[in-house]
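Just so it is clear, none of the values below were taken in a lab; they were calculated from the coordinates. Computed from a predicted model, the values in this text were never measured in an experiment. All Cβ positions, even for glycine, are placed from backbone atoms using ideal geometry, and neighbour counts span all protein chains on display.
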Amino acid sequence: CTKINGQRPASAWPPNSATDVMAQRPRFIFVHGVQLEGGHGRHAAAVKDALASAGLDVDCPDLTDGEFAACPVEQALDAIDVLARGSPKIALIYHSYGAFVSHLYASRNPERVVAGFWLPPPPHMRA
């Protein structure tokens, strides 16, 4: 299992084996929480780097368009949908607000989402 920020993902949905998920060759999309640094902040960079070291590519859309308070749900869902176009299967990696958005997207598009991976907050954000 690939470690991100020195940890393994806390949970995965659905409980498919990694082999089953990878056999479907999904597009990986990291759905970030609402944070000051947006989708291209330190957490997204850590996710991209960890998956790149495992030979995988991940897209990290900036759901906030650079504004901390601007992340309407429909805008976030649209951002995922734009990246998912042309990919029959996707796997969502998420934390914080991104978990809510990802689960909502998966409930509306169950035929496309083959897996979801929840990440705990990065170490620099923990209390």
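List of remarks:
- Cα→Cβ-extended label distance, 7 Å offset, between Ala54 and Lys89, nm: 1.5
- Nonlocal amide H pairs with Ile93, under 5 Å, H built at 1.01 Å: Ile29, Phe30, Val31, Phe117
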